[in-house]
Structures are given as structure tokens and as C-alpha cells.
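Q: Can you read through this structure? Questions will come right after.
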Amino acid sequence: MELKAIRSFDAVAQTQSLSRAARHVHLAQPALSRRIHALERELGVSLLTRHAKGVALTPAGAVFAGGGRQLLHDIGAAIDRAEATAAGRRGRVVLAATRGAVASGLPVEVQDSLRRDYPELTLVVQDFEQPTASEAVAAGKADIALCSDSVAPPGLVTEPLWAELLDRVIVPANHPLAARSSVTLDDLGALPFVIARGSASEQAGERVGAALLAAGLRSPILALDGDVRTVHVAVATQRGWTLITRSRAKTPPEGTAVLAVDGLSVAVEMTAVWRRDDRRALLQTVVRRMREVAAGYPDSRVRAPGGAAPARAGVSRSAPAGLRPVRSAAAAPARAPQRHHDAQHQPRRAAARHVAAGALTAVARARAGRRSRAVRALGARRFADTGRRIPGGRCARPARGG
């Protein structure tokens, strides 16, 4: 049984007329009648009764019409869902985000934006810590991760989205320093600096370490196994202090106090991480939306289309003529010597152009003269037998019949 037969019968059932149904399905009426008869033979039942005013459904026809209409609806919905899934507009994506990333607000912004534009796309945000967010993607527990720059397991793709300032520290909530609003690294020298092994990439670790040393780090280093949550628990239990980003500082771990660090300026990149072999359009829809949201952040690391560097504040290179920057007065004198040089040599250049034009004219005239003399000589030879010449050396043709 073909869908076109069910669709044709549905048109007949709704219009109660073979002629109107034929126009609806773009068939000639005889062709539609043959299709309905073939459907009745295939089913082995009579679906229609014919009368002078048209057709009517038999009891079997009414039952088949209802089931056929539902079948057509279900098939149409299945096709729509398949097309939406293939185009990345429908499905479920799990985002593993660190608490610092969640505190930045990007996951919620992406969720709201996708919900508005793609109602059938569901983004589930799960709470992780460094470095377990990227590990969740590698293990297939999440589709994409949002975390700070860390060591990515093999088979993963990382893309920086924005930079987070790492200029806040947490100390035990009942430590004497907790009553202050800011500290220096020298003030923290008596407390160990607590870190989690493998929670940052080698490059990020070297960058942060260099900034800490330049700012006067004197604290002993306490490296623990586990994720960042382990570090936060260690700080809350009087074992030391650690760095956190400004976004994470908005919701500090329980039992800790947040302090600004004087003299420390360092940033870490927040990255999106997904599996290299995951080429679903659905995932790319989420990645594109994360780029679009992060592109509006002050310290965005999103590259412009074509691989160009991130757009910076100011007038764009492709600004309309009315918005292009005006050259400053300080830059104008730099071209003054060149303009003076051009004005000084302009008469000389004009004279040279005039001489060149005269020489070309003389050559052209000489060539024209040689061509004229050659034509006259040819004419004299060709008509020498007539003995008649015209002034200027041209020969006159003899009259016909003379």
C-alpha cells in the first residue's frame, strides 16, 4: 500500500466528491477513481458508495479514513522531527559546566537563547568541577563541557570562549585575614597555597605560576589529588588558601571568605570542550550559540569568521565612509614633505610628458608619409600603360570601352 493512495482517499473522505478530491491531489478524475478502486481491491472491502450527488463513506471507509488521517499526520510529524534533528534544531545536549562557568552566567544565557529560538532543543546543564567536566565529555557522560583551560584527554576539541580574571583568593572563614577586603601574597605567606593536580594545563599552570612569583608568592605549595572541590574543602578546613576567578567569587564555597589580591594580574581562558568525532548538527548549534553569547563578553576570545583575531573596541575596518576615523592633525605633517616634493617636480614632469607626446606624433606622421608614398608608387606602376596621371602622382583609370 502506497502513501499516495491513502492521501488520495483522505481527500475523497474530506470533500465527499471525486471531482473536488481530484483537483486537491492534482489528478484527473478517472485516474483518481482507478486509484480508489485499486485501494479497495487491495483491502478487500468497499470504502465508498457512489450516488448522483457524489460519494459517501461506507462504515469500513469511515474507519479507514480516520486511521489513514492519523497515519498521514504521524508520518508528517516524523518527517518534520527528522529534518529538525538533521538541521540541529531538535534534540537533547548535556553541558558539563564548572561552578565558575555557571557563576559567569553563560550556561543560563545559552539555555534561554536556545529555548527561545529552538523550542525542541533541550540543553541540560550539569554541575562539575575542574578537571572532571572535560573528563565527563571524554567518558560520554556529557556532550560538551565548559571549563577553564585544563589538560584535555585525547580525542577532544577545545575552543577558548572568554578570559576570566584570576585575582581573588579564598581563605578559611574563621581565619583572621577573613575580616579584610584585600590582601597581598606576602600576607598569605604563612598559609599553604592549595592546588589540585591536573586541574590546569601545563601552559596555564606556567602562566599563573609566573604571575604569582612576580607578585611575591612565599607560601608553600600543597598539591592534592582530586578536583577543585577537594581544594575548596581543604581551604574550608584551615589547610591553606587558593585562587578563584571573579565569577566564582560571587558564590564562594561554604566555609570560606573571598578576598581581593593586590598586585596580582592573571587570567585563565574558559573553553568549550567536545569530542572530535561528534559531528552532529545539534551539537554544532549549541557550540555556535555559545560563541555568539561569549562574543559579547568584555574579554572574549571568540574569533571572528574567517579565523581573524577577535574584534576589538573601536571603529571597525569595514566602517561606512561616514563612520571612518578622521586622520588626526598630528599625523598630517608627516605627509607634508611628500606633497612639497610632488609640487616641486610637477612642472618638470609635465614638460617631460609634452616632449614624449610630440615625439610620438612625429613618429606617427613619418609612418603615414611612408605609407602615402608607397601607395602612390604602386598606383603609378599599376596604371602605367594608360599614360594618364592625375596631379599628386595618382593614376586615373581609363574610361570603360575607350
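Q: Filter the range 88-141 down to the residues that are free of Cβ contacts under 8 Å to residues at least 40 places away in the same chain and of a type in the set (V, I, T), then identify the one that is nearest to E164 (Cα to Cα).
A: Among them, the one singled out is V102.
Q: If I go through the range 151-175 residue by residue, how many of them are modelled with pLDDT of 90 or more, under 23 Å from S104 (Cα atoms) and out of contact with any strand residue (DSSP E or B) (no Cβ under 7 Å at 6 or more places or on another chain)?
A: Qualifying residue count, the range 151-175: 0.
Q: Of all residues being under 23 Å from G76 (Cβ atoms) and of a type in the set (G, A, S) in the range 6-58, which is surrounded by the most Cβ atoms within 10 Å (Cβ to Cβ)? Just the residue, please.
A: A21
Q: Continuing with this model, one more query. Against the conditions (1) in a loop (DSSP other than H, G, I, E, B); (2) at pLDDT 90 or above, where does V293 fall short? Just the number, please.
A: (1) is the only condition that V293 fails.
Q: Do you know which residues across the range 188-209 are surrounded by fewer than 16 Cβ atoms within 10 Å (Cβ to Cβ) and either at pLDDT 90 or above or of a type in the set (D, E) (or both)?
A: Correct list: G189, A190, E202, E206.
Q: Would you pick out the residues in the range 33-48 that are among the polar types (S, T, N, Q) and closer than 12 Å to V12 by Cβ? First the steps, then the outcome.
A: The first filter runs over the range 33-48 and keeps only residues among the polar types (S, T, N, Q), leaving 33, 46.
Passing the criteria: only S33.
The values are calculated or read from the model by the stated rules, or taken from the named source; none is laboratory data. Remember, predicted model here, so these are calculated numbers, not experimental data. Quick reminder, even Gly has a Cβ in these numbers, built from the backbone with ideal geometry, and neighbours come from all protein chains shown.
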